[in-house]
Amino acid sequence: MADQMSSNDSMRAEAVAATLEARGPSRSLWVDGWYRLIKNKGAVVGMVVIVLFFLVAIFAKQIVPHSPIQMHSGDDYLPPAWVANSSTNKAGNPDYLFGTDTLGRDVLSRVIYGARVSMVVGIVPTIIILILGTTVGLISGFIGGKLDNLLMRLTDVIYAFPDLLFFIVVLIALRDSWIGGLFSGLFLLFVALAMVNWVGLARVVRGQVLSVKQNEFVEAARCIGATNSRIMFKHILPNVLGPIIILAALTVPGMIITEAILGYLGLGLRPTTDPNAFFITSWGGLLLEGQSAINAQPFMLLVPALCVALVVLAFTFLGDGLRDAFDPRMRGTS
């Protein structure tokens, strides 16, 4: 009987070994997540759109057909190139694909330059949010005790602020100060966006840390004399990066929409007439200009609105794809 049991165990071990050999070497969490991500068609389309808009923003000066601040006398309110006639009794000009605005400036060129502001506003505040939220969440979850209670009460207080109202108050109060003039007003916008949006990430990171710090590898690191900072940033942080990356991808579209709203309210980028400036206009500012001319030239409003919608949808699809790719419940289903 013992020999038969030993023979059965040996056969099972051989079968498991054969199965593992057939599957090939095991993939890491990140490689496995990448494979699942590229199988998600929506996420792939989102990545393509995001890369395209980033390229447009970076090489805006090389691809614009006209200077975004150049005024063409007599060519104001031109309709798109394919319109033969319009309410202004003007025909479209092939030199201006989406027509011109009230001052005769090319709409397409201004939209291309507007991509710079929206992409930067989407990325820079998100980086600040990641640094603040991850640091506070790590320290709060790992240290615990009174410090945890203090940091969580601070996040509760900041979370209670109405976001949009806070942005409006800060931008109006400091717009004419020296800090409001940095980077054509974008620095103040970055700070305002980051100040109240890091609390959600901090809460998520804290919850993940509370779970991960109970694992055996953390106790092993303590036993060999690792410092608290090394344990947090070398052992715990890599194990909570999945939710952080997902939240980052889902935070970017919120930043872009907020900038567009503030620009529409006239509180975004400061207007400039410098042709060599890196930031000349924003999609939010173009929405404000287009709103007043919607009857004469609707494409002044439609084109930047469509661009905002495309970028926001692209980041949303990418965020959903990342969530599905790194969700532990999805492992083994693909």
**Study point:** Residues satisfying the stated conditions in region 250-284, i.e. in a helix (DSSP H, G or I) and either over 19 Å from the mean Cα position of the chain (by Cα) or on the phi > 0 side of the Ramachandran plot (or both)
**Key:** Tyr264
Practice item. Return the total of residues in region 170-184 being farther than 12 Å from Leu262 by Cβ and in a helix (DSSP H, G or I). Key: 8
Check your understanding: Does region 78-95 contain at least one residue that is without any contact (Cβ under 8 Å) to a residue 60 or more places away in the chain, buried (at least 19 other Cβ atoms within 10 Å of the Cβ), aromatic (Phe, Trp, Tyr) and in a loop (DSSP other than H, G, I, E, B)?
Key -> no
**Study point:** Among the residues listed as Ile143, Ile139, Ile168, Ile129, the single one being under 30 Å from Leu302 (Cα atoms) and β-branched (Val, Ile, Thr)
**Key:** Ile168
Review point. What pairs come up if the first residue lies in region 56-73 and is in contact (Cβ under 8 Å) with a residue 60 or more places away in the chain, the second is hydrophobic (A, V, I, L, M, F, W, C), and their beta carbons are under 7 Å apart, counting only those six or more places apart or on different chains?
Key: Ala57/Ala115; Ala57/Met119; Pro68/Ile280; Ile69/Ile280
Exercise for review: Of the numbered conditions (1) surrounded by fewer than 19 Cβ atoms within 10 Å (Cβ to Cβ); (2) of a type outside the set (Asp, Glu); (3) farther than 23 Å from Asn149 by Cβ; (4) under 21 Å from the mean Cα position of the chain (by Cα), Val204 fails exactly one; give the number of that condition.
Suggested key: (3)
**Study point:** Sole exception among (1) closer than 30 Å to Tyr113 by Cβ; (2) out of contact with any helix residue (DSSP H, G or I) (no Cβ under 7 Å at 6 or more places or on another chain); (3) not aliphatic (A, V, I, L, M) for Lys234, by number
**Key:** (1)
Check your understanding: Do we find that Val136 is in a helix (DSSP H, G or I), farther than 18 Å from Ile261 by Cα, in contact with a helix residue (DSSP H, G or I) (Cβ under 9 Å, 6 or more places away or on another chain) and touching a residue at least 60 places away in the same chain (Cβ under 8 Å) in this structure?
Key -> yes
Study note, to complete from the structure: Of the residues in region 225-253, those that are surrounded by 21 or more Cβ atoms within 10 Å (Cβ to Cβ) and farther than 20 Å from Ile128 by Cα come to Ile236
Point to revise | Residues located in region 140-156, provided they are of a type in the set (A, V, I, L, M) and either in contact with a Leu (Cβ under 7 Å, 6 or more places away or on another chain) or closer than 21 Å to Gly254 by Cα (or both) | key: none
Review point. Considering only residues of region 44-55 that are within 14 Å of the chain's Cα centre (by Cα) and not β-branched (Val, Ile, Thr), which is surrounded by the most Cβ atoms within 10 Å (Cβ to Cβ)?
Key: Gly46
**Study point:** Residue count, region 56-73 (criterion: under 19 Å from the mean Cα position of the chain (by Cα) and within 18 Å of Leu306 (Cβ to Cβ))
**Key:** 2
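Rule-based calculations on the coordinates, nothing more; no lab input. Note that this is a predicted model, so its numbers are computed, not measured. Don't worry about glycine lacking a Cβ; one is built from the backbone with ideal geometry, like all the others, and counts go over all protein chains shown.
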